[in-house]
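Participant: Just passing along the structure, written as structure tokens.
The values are calculated or read from the model by the stated rules, or taken from the named source; none is laboratory data. What you see is a predicted model, and the numbers here were worked out from it, not measured in a lab. Backbone-built Cβ (ideal geometry, glycine too); neighbour counts: all protein chains shown. When the accessible area is computed, the model is the full protein with side chains, heavy atoms only, and any ligands, DNA or RNA have been set aside. Shrake-Rupley method; radii C 1.70, N 1.55, O 1.52, S 1.80 Å.
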Amino acid sequence: MLHELLLALLGYTGDLIIDEREFRQTVGFSPEDSMPNQCTFKVAPDISFIQPSERDIIENIITLGFYYRELDRFATKSRNLSWIKSGNESSVSRASEILKETRDNQSVYRRAIANGVVEILSVYRSAVLHIEQKLLSDSLPILATVTQGLNKVEFEFSCIASKYRGWIVRVPRNFLADLASAFLVFLPPLYELIIEIERDGIHGGKLLNLLYKRCHCGVPEQQACVQRLLWHGHQVMYNQLACWMLYGILHDQYGEFFISRQQEGKSENEMTHIDNIQKMAQMSVSDGSLNDWYMGFNISLDMLPEYIPVQVAESILFAGKAIRVLRNPSSAFRSVDVLSHQATGPQTLKESLRNEPSSNTKLTGDELLPQSEADKIESMLKNLQESSEFHKRLFEEAIGSIRSIAANHLWQLVVVRADLNGHLKAIKDYFLLAKGDFFQSFLEGSRQLMRLPPRQSTAEADLMVPFQMAITKTISDEDKYFSRVSLRVNIRSSQVDVREPTTFANGGPSAISDTSSEMSLDAWDGIALEYSVDWPLQLFFTQEVLTRYTRIFQYLLRLKRTQVELEKSWEYVMYQDHSDFAKRRSDPKDGKTSQQRRQRFRPMLRVREQMAFLIRNLQFYIQVDVIESQWNRLLARIKESRDFTDLVGFHQAYLSALISQSFLDIGSVSRILDGIMKLCLQFCWKIESQETDEFSSKSNSLYTILRSSRLSGSQRAPFLRQFLLRKCPRWYECHQTTTNSPGLPTLAALNLADPL
């Protein structure tokens, strides 16, 4: 009987100890697939030689055998060791059977938890083995020997604990009185935990989250066991973190890691943005690392344990993506001569690169991420993995350090090796019109062409003629970045105001355009520039960034074009005046006609001066007070930074400041400015006096809005005051005179000399 009792403690029933669930199946009841919620081990009812007190003791003890058997079955199933069989069964049939059984329940995390359960059960088996040895050594084995021997279970725990230091229960002496008080403290809660895992199909990060919650309890024995299971689960997570943050490889066969690949199925609203990213990533050599950077991976919040903050998960995501980029450089990438450029950082950075290939050299992943840095990452993750407990603060510090390493080397790749400053300067020259002589020559050469409606099929080719002439006149052969610039024309209708967002050359929609503030001057308003970006600068110059640059460029080009037309109209009037003067000298009789023409031009010149005054000051404000000021600030921040993420943030702030301080994001101001520029062009083209009244009305409206209390009390107030200071002293006086008098402002109000 005592030997059968010991076998029952290890999950084997017989004549004395029976399993009620198996008994019900033998008498015809359908088998239960799920794990039972209560113990089904009982003393056989036909046993009559056992006293009721002994029966109670035995049934209390054999519940441990039930828990042991069910936990062992869970461990065997989760560990998927059924392939270890003997006999003549073919390996193919065994493999197909295993695949069929475990296809829906495969989980690396559950397998790790099962290993922890096996480890805990081994302690239980050792205690049962010790009791068996005591029974065999006694000359008269009795039931009391079992309970009495279990009084020394503390000693057995301490002996076995030397193998599993750091997790086994340290039970104070005289705390355990019998078997139930030894293992019934943590085996039943452990069984309930396994039932919940099986019932709800919990796996991956959700399983870690469940174990972490169960660790916080007031029972030391239960807490120690669950902590050990959590330790086994964390081993899987740390292995996945090592693959991801050390090699940039996502090792997640069953979709249990909180870093996951982007799902292929996308909603219709997401497809447009994804298509733009795909086009951006295909602009070079179809590098897989760039595709992964834009749309390859994301954070799976369902698998993210609650004790890992989202910010930490984002750092893990960024670090792995950065490592993928660093370890998989484009075969077409050549590092620039970093020592021949202006220093972008402290001397230590230049010295660190002095011994590396410096002139158009092909780089490998080991050069972009030195082995010493990879060893640091591996060491930090290994220290976390070897710790017996999970320390949130140490985990976040290690992740932050690894992220800093990845961000620093990605910064060096983009800023130093790929010469980011040079490309930023080129974009400033052409997209922000810093090369004024080039655009002056281009607009003068294309002035007559752009007065005609463009032809849909040849508009771009027609415009390339003055574009190439401007290149020949102003662009030197030493400008190695201009070859990346190309001209594109998106034809717009000149009959209606265009309300669609500004588009890039690929036709994709703009993510940041304010559709309510867009207005077309004429059909040529769709002139845009493209900038060819190679690896790895596509990580920095994203599609959204280039679209914002395009929007600013089109606005500045409209402003520059208006200025050129106003200048040319002045030249035209001066030419007519000199011609009249020459005719008057040769034919005095024609003096009266010339005088009439001068009188007719006088009011138009006054309006033209108002137009030129506003356009010049607006252009000077944007180019000097906005662009140049923000550019110097950006360069200073790039020089001080060593983090790629900070670098991207600085650049985004730079673009936002350009748009905000240029009033492109204020619909009312932007529409009035576009309307003023359109009137200026029409005035220069038609030279009709009826246009002057409408200009005065619109310019007055602009001044009223800029002086409104709503804008003066906002964050834009300093920039508005800076712009108003440039134009308001004369402009305000001029418009006060215009408002108070029914006619046009006089020359005295303008404080101008007679232009003729």
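Participant: Roughly to the nearest percent, how much of the accessible area of segment 195-234 is carbon and sulfur, given a 1.4 Å probe?
Facilitator: Whole-percent figure for carbon plus sulfur exposure: 50.
Participant: Right, something else. Report the calculated FRET efficiency for residue 126 and residue 302 (r = Cβ-Cβ distance, R0 = 41 Å), to the nearest 0.05.
Facilitator: 0.55
Participant: Could you tell me which of the pairs 428/686; 435/473; 560/686; 425/473 are separated by over 23 angstrom between their Cα atoms in the structure shown?
Facilitator: From the list (428/686; 435/473; 560/686; 425/473), the Cα-Cα distance tops 23 Å for 428/686.
Participant: Further question: So what's the net charge close to residue 641: Lys and Arg +1, Asp and Glu -1, counting the other residues with Cβ under 15 Å from its Cβ?
Facilitator: Local net charge: +2.
Participant: State the extension gain, in nm to one decimal, for the chain segment bounded by residue 219 and residue 393, taking 0.36 nm per residue of separation less the distance between their alpha-carbons.
Facilitator: Length gained between residue 219 and residue 393: 60.2 nm.
Participant: Starting at the first residue of segment 48-65, write each ³J(HN,Hα) from the Karplus equation 6.51 cos²θ - 1.76 cosθ + 1.60 with θ = phi - 60°, in whole Hz, x for Gly and Pro.
Facilitator: 10, 8, 9, 6, x, 5, 5, 4, 5, 4, 5, 5, 5, 6, 6, 4, 5, x
Participant: Separate question: Can you tally the net charge around residue 382? Count Lys and Arg as +1, Asp and Glu as -1, for every other residue whose Cβ sits under 13 Å from the Cβ of residue 382.
Facilitator: -2
Participant: Right, here's the next one. Cβ under 13 Å from residue 562's Cβ, residue 562 left aside: what net charge do those residues give with Lys, Arg +1 and Asp, Glu -1?
Facilitator: +3
Participant: Here's a follow-up. With every protein chain kept in the model, how would you rank 483, 78 by accessible area, 1.4 Å probe, largest at the top?
Facilitator: So the residues, ranked largest to smallest area, are 483, 78.
Participant: Tell me, what is the FRET efficiency for residue 632 and residue 469 to the nearest 0.05, using R0 = 22 angstrom and their Cβ-Cβ distance as r?
Facilitator: 0.10
Participant: Which order do you get for 212, 124, 575 if you rank them by accessible area with a 1.4 Å probe, largest at the top?
Facilitator: 575, 212, 124
Participant: Let me ask something additional. Can you give me the % of accessible surface on segment 417-467 that is carbon or sulfur? Probe 1.4 Å, all protein chains present, nothing else counted.
Facilitator: 53 percent
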